[in-house]
Structure formats: C-alpha cells, structure tokens
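Input: a single structure, listed below in structure tokens.
The values are calculated or read from the model by the stated rules, or taken from the named source; none is laboratory data. What you are looking at is a predicted structure, and each value in this text was computed from that prediction instead of being measured. Every residue, glycine as well, gets a Cβ built from its backbone with ideal geometry; the counts of neighbours run over all protein chains shown. Side chains included, ligands, DNA and RNA excluded: accessible areas come from the protein's heavy atoms. Shrake-Rupley method; radii C 1.70, N 1.55, O 1.52, S 1.80 Å.
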Amino acid sequence: MGPFRPATRQFRPLLGLCAAACLLVSGPALAQTTVAADAPGDLRARPPQDEIIYFMLADRFANGDPSNDRGGIAGGKLDHGFDPGDEGFYHGGDLAGVMQRLDYIQGLGATAIWLAPIFRNKPVQGEPGREFSGAHGYWITDFTAVDPHFGDEATMKALVAAAHARGMKVYLDIVTNHTADVIRYRECPKNDCGYRSRADYPFTRRGGVGGEPINDGFDGTNFDRLTRPDYAFTPYVPAGEETVKVPAWLNDPIYYHNRGDSTFRGESSLDGDFAGLDGLMTEHPRVVSGMIEIFGDWIDRFGIDGFRIDTARHVNPEFWQAFIPAMRERAAARGIPNFHIFGEVFDRDPAVLARFTRVDGFPAVLDFGFQSVVTDVVARDKPTEILAQLYDADANYEGGAATAGQLPTFLGNHDMGRIGHFILVARPDISDTELLARSRLAHAIMMFTRGVPTIYYGDEQGFTGDGGYGGSRQDMFATRVPQYADDRIIGGRREPFDTQAPLYKAISEMAALRAEHPTLRRGRQLVRHSGVGPGLFAVSRFPDQATGETLIVFNTATTPITAQVEVASTSTHWSSIHGDCVPESSAPGSLQVTVAPLDYMICRSEGVR
C-alpha cells in the first residue's frame, strides 16, 4: 500500500521441479508432508542481498483449490467477495496454487517469495454501490489466521516447508498501521469524516477545545489516563461487528486515533485513518506489545524468513524502534539470523528513505528512488547521470553502502503499475521489439546493480496493464476481466506460466549469472561512467574479501556505442560474462567497450586491486 489514497472511505482496493520431499498438491486435496518446518542451514545463512525476490498477490497468481474461492462464506459477491470477472473482487488464487507453481518461480531464478498479506480480511467493504473486496489482503480483521479465501494454517505451513525444501525463503507482507474499516463515527453518517487535529480537538476535551473535559492529565505518554476515545469524533462499532477483530483487544476503539481520514500531510500522516481504514494508535504501549505478540507468533509458528512492512511512514518512529529489534530477536531465537525486514516508504527521495533507516531503525526500505530513476532512464530517455546521483546518495543510509546493498529494488508494483505500462505511457507508438528491449534493459539494471532485485509477478510474462491499483493486478491464469484481457503483452500473448516467454527467459538467464558470480550480488559498487543524455552507464563491482573487478555496462540509447571506460589499473586481463568483452585493457586503467542499443555487457577481471 502506498500513501496516496483518496481521502474518503469509498476507495479502490489495493489489489498487492518440486523436490521429492516437497508437498504435492492436487486440486483441493492437500497431501500430508513430512518436510521439517526448519529450513536447511545454507538457506538461513544467506544474507538478504543474495536473494532475488518474487512479489505476488496470491489471489491473482494460481488457483490450486477452487473449494475455497468464496472463503466458506455463503451468499453473493457482496458477502464473500468472489467475482473473477471484476478487477476489484477475489479471483480464486490461493496458497495451494503458489505451491503448485514453485517450479515456475524457482525456474525464473527467484530465491524468496514475498506474499501480499494473507491474513483474514473483511471480505467486502465500501459504501453501497462502491463496494470492493479484500483480495489484496490489506483489510485485516484477524491478524492471527490465514484468510480462508487463500487456505488455512496447514496450507501455509506446507507452503513454507515446500519452499524451504527447495532453498527458497518466504516473506510476509504485514500491516501494523491499520485494520479493516470497522469503526464508524456518529458525526459522519456517510462515513466521510475529514481529519480533526490534536490542536483543535485535544485528547483532553470532547468535541474541541471548549468541550467537556475528559482524559484528565493525559500528556501523550501516560496512557493509563487515556480512558475515552471520543475527543475528536464519537467512535462506535456497528452491531454484529463487536468481536470481528482478532486478537480481541483490537475491538476496543481506545486503541485507535479516531481522528478521521488522513490527508497524508503533517500530523494527519501519522494520526489519520488511511483512506478510511481504522488507524491504530501505534504509540500506545498495548498496541506495541500486541503487534509484537502477533507477528512474533507468525515467526514462531511458520518459520517466516522476513517481513515487508506496509505503510511504514504512517507509524511513529518509537513503534519501529521497539518492534523491529523484537522481530529480529524473535527470528534469531527461531534460528533465522538473516531475517529480512524492509519497510514501504512511498517516496522517491533517497534522503526521505534514508531517514527511516537512521531514525526509525529499519534495516532496509523499498527503494522507490531506484524505481523512479530507472523508469526515467529506460522509458523517458533521461540522462544516465541521474543513476549516478542515486547511488551517490547511498551514503545517507544508516550503515551507508552496506545498507543500500540490502534495499529491495523494483520496477513497479501493485499500487503504481508495471514497468511495461510506464514505457507505453512514455512511448505509446513503440514497436514490439523496442518495448521488449527496454523492459529487458530495465530488468538488467535491477539485477546487476546494488540492491535486492524484486520481480513483480507477471512482469516476466510481459504484463503491462493500465497502471494504478486495479490496473496492475492481472491474473496469471486465464482472466475473465475485460480490462486485463485487452492489455498489450510484451513479447506477445502466450499461455499462462509459459517458461519460454521472452522476458521469463531473459530474467532467468540474468538470475543464473547473478547466482554464479558473487560480485553481481554483493560487495562494493563504484560508478565508472554516466552522461548528460541517454547512453552509457557503467559500474564496477568489487568482492568484499577477494581480488578482481566486475564491470557492468548498460546502453540506454538506440544506437550502438563504443567508448573507453575507466577501470582499475591492475585490471588488465578480461573475460566475458555477458556480451563480447575485449581480452585486454587498452591501457592500464582503461577498457574499450562496445554495447549494442538498449543492451548491456558484463566483463570480469581477476586482477589485484
């Protein structure tokens, strides 16, 4: 989920070779497995920067168990939320389907699966005539259970075991900022409350500064004095929903801000309801301890390998300063020393992103700066020097370049759209050949520069979409949504899960190179060349504790380029990893490269630095 949502409650949804020991899935029936819950030691030893993440919304990936399509809920689509022909409703994908397609995901080269939230959601919400489903997973009512549309606890355990048996990790997308929209305000019958600030509606008065004194002596820290939640609005839980949230403490409005919808600016960015979702008072000690209990239990029960944390910027720093160390400690006790935590901070400015590593204590954040810059360079012909500027800013992160190496890099997602869409918007008359070349180049920049490559499901099949929320959550299986069926497909339309799709083949080849060569995954990165227009961008990558240099050169122009690129003076003999590299430097410190249009090359020298 990103920060920019309409400031009303009527909003578009945030639709997010099996080994013998693996669980076998056949239709709705799940076979029993004897795979141990704990993953092999080498899996646990891998640092985050060694991973390639595959991000998916389970509902849109594969339907392995049609019996759970309606989540066990009777009635029509407004009760159970299932309508595979409507982009805003459940389409039937589930955890059993993910298990059935582990071959496909691993064949792409992915080593970690990031699942959009799989917790029990409010199936449908929204005002009459504008209802949508919780297929995306961000409208949580029960934080302790798997949503029945996706399966159950046994299915989730089986999926984690099957992934671990292959050496693959599983990351969960979690939410601490809000729950589903359950709490209502009596002052807003149409459910469209604007934000009411702390200054105009202090915690110690009911209905504004001149109102009835309440919560006597509350100063924002002594929460035993906060006994009434009706300082700004009069919150209430509608009849029939009094116990819908789990754990039970989540049903009490005292643990929510209750100040109306956020404007995503200033104070309201922390205290406002996120597009109408019930905004938790994350500064309250009960909320802090409660969320630590909830998500620590998911680590204990399932052996999860990492968390992507939704809406991180809309939570106070003190919460993260308590929550993140607790999660890492819980994971370490479970035998997971490299538990990967990364927050969603929807901002392209590296300075803003870095603040969350320095102040809030995040080990990593999603690299929205990378997404923005690569899109500009590949789709919009912006100068390659903006890539150099992006990497210059790595020093801002707590831990500097080492932390930047753990930032998940990505080209698009379920909130904003896909890289193919961005290219089409920038170049609506682009040929099929060039569209494929530009998309392949964008993936190469992501795969071979610093950070943790994060592939958005379907990009490898050439999905483009219409951008935005619903328009970037296509079905991997045969779709019944007209808006998805008419999308332009990069490389041509194919059968679902085609491993011969041009981008699938290209990405899997890149992943194989990244796996084979450690310097393409980690170590120091040095920008070697950039320019004031489209053209060459080059970086060298150096291993942490070994000699040698790997040079990666990208050409964002539509003409071939031959140029001299600076290298280490001791890097004199070269071999080709990808492309045709000359065997010898032109002179100590200079290597001639020739790169085809919208292409890349990778050269390796074993010389001493």
- Task: Identify the single condition in (1) assigned to a loop (DSSP other than H, G, I, E, B); (2) open to solvent by 60 Å² or more (accessible area, probe 1.4 Å) that GLN406 does not satisfy, given that it satisfies every other one.
- Result: (2)
- Message: Where the second residue is outside any helix (DSSP H, G or I) and open to solvent by 10 Å² or more (accessible area, probe 1.4 Å) and the first is over 13 Å from CYS193 (Cα atoms) and lies in the stretch 270-291, which pairs have Cβ atoms under 7 Å and are six or more apart or on separate chains?
- Response: LEU270/ASN316; THR282/ASN316; GLU283/ASN316; GLY290/PRO247
- Tally of residues being in contact with a Gly (Cβ under 8 Å, 6 or more places away or on another chain) and outside any helix (DSSP H, G or I) across the stretch 259-283: 10
- Message: Going by what's in this entry, would HIS91 be described as touching a helix residue (DSSP H, G or I) at 6+ places or on another chain (Cβ under 8 Å) and either modelled with pLDDT of 95 or more or open to solvent by less than 30 Å² (accessible area, probe 1.4 Å) (or both)?
- Response: yes
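Can you say whether ALA112 is touching a strand residue (DSSP E or B) at 6+ places or on another chain (Cβ under 8 Å), buried (at least 24 other Cβ atoms within 10 Å of the Cβ), at pLDDT 95 or above and of a type outside the set (Asp, Glu), as far as the supplied structure shows?
Values: touching a strand residue (DSSP E or B) at 6+ places or on another chain (Cβ under 8 Å): yes; buried (at least 24 other Cβ atoms within 10 Å of the Cβ): yes; at pLDDT 95 or above: yes; of a type outside the set (Asp, Glu): yes.
For ALA112, the condition - touching a strand residue (DSSP E or B) at 6+ places or on another chain (Cβ under 8 Å), buried (at least 24 other Cβ atoms within 10 Å of the Cβ), at pLDDT 95 or above and of a type outside the set (Asp, Glu) - is met.
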- Inspect all residues belonging to the stretch 381-399 and state whether any of them is among the aliphatic types (A, V, I, L, M), under 25 Å from SER540 (Cβ atoms) and touching a Lys or Arg at 6+ places or on another chain (Cβ under 7 Å). no
- Item | Unmet requirement for ALA437, which otherwise passes all of (1) crowded, with 16+ Cβ neighbours inside 10 Å; (2) modelled with pLDDT of 95 or more; (3) among the small types (Gly, Ala, Ser); (4) more than 30 Å from SER590 (Cβ to Cβ) | (4)
- Message: Can you pull out every residue in the stretch 509-541 that is among the aliphatic types (A, V, I, L, M), surrounded by fewer than 18 Cβ atoms within 10 Å (Cβ to Cβ) and part of a helix (DSSP H, G or I)?
- Response: ALA512, LEU513, ALA515
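What residue, of ALA388, ALA485, ALA426, ALA437, is among the small types (Gly, Ala, Ser) and under 30 Å from ASN338 (Cα atoms)? Working first, answer last.
On the way: ALA485 fails: under 30 Å from ASN338 (Cα atoms); ALA426 fails: under 30 Å from ASN338 (Cα atoms); ALA437 fails: under 30 Å from ASN338 (Cα atoms).
ALA388 is the lone residue from the list that is among the small types (Gly, Ala, Ser) and under 30 Å from ASN338 (Cα atoms).
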- Query: Which residue pairs have Cβ atoms under 6 Å apart, sit 6 or more places apart or on different chains, and have a first residue in the stretch 231-260 that is open to solvent by less than 40 Å² (accessible area, probe 1.4 Å) and a second that is in a loop (DSSP other than H, G, I, E, B) and among the basic types (Lys, Arg)?
  - Reply: ALA232/ARG196; ALA232/ARG259; THR234/ARG186; ASN251/LYS245; ARG259/ARG196; GLY260/ARG196
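Which count do you get for residues in the stretch 163-192 that are open to solvent by 50 Å² or more (accessible area, probe 1.4 Å) and assigned to a strand (DSSP E or B)? Please lay out each step first, then the result.
Just the residues of the stretch 163-192 that are open to solvent by 50 Å² or more (accessible area, probe 1.4 Å), to begin with: 184, 186-187, 189-190, 192.
Right, trim to assigned to a strand (DSSP E or B) and you get 184.
Going through the stretch 163-192 one residue at a time, the tally reaches 1.
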- Search the stretch 237-274 for residues being out of contact with any strand residue (DSSP E or B) (no Cβ under 6 Å at 6 or more places or on another chain) and basic (Lys, Arg), and hand back the single one that is nearest to THR176 (Cα to Cα). ARG259
- Query: Taking the stretch 472-488, which residues are assigned to a loop (DSSP other than H, G, I, E, B) and open to solvent by less than 30 Å² (accessible area, probe 1.4 Å)?
  - Reply: SER472, ARG473, GLN474, ASP475, MET476, VAL481, ASP487
- Checked the stretch 193-229 for anything open to solvent by 80 Å² or more (accessible area, probe 1.4 Å) and either within 23 Å of THR141 (Cα to Cα) or not in a loop (DSSP other than H, G, I, E, B) (or both); matches are ARG206, GLU212, PRO213, ASP224, ARG225
- Tally the residues that are open to solvent by less than 40 Å² (accessible area, probe 1.4 Å) and over 35 Å from the mean Cα position of the chain (by Cα), restricting the search to the stretch 568-604. 9
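For the stretch 109-145, which positions are assigned to a strand (DSSP E or B) and aromatic (Phe, Trp, Tyr)?
Passing the criteria: TRP114, PHE119, PHE132, PHE143.
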- Note on the structure: Scanning the stretch 408-448 residue by residue, those among the charged types (D, E, K, R) and under 18 Å from the mean Cα position of the chain (by Cα) turn out to be ASP415, ARG418
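Are any residues in the stretch 542-576 more than 19 Å from ASP599 (Cβ to Cβ) and part of a strand (DSSP E or B), and if so, which ones?
PHE542, GLU549, GLU566, HIS573
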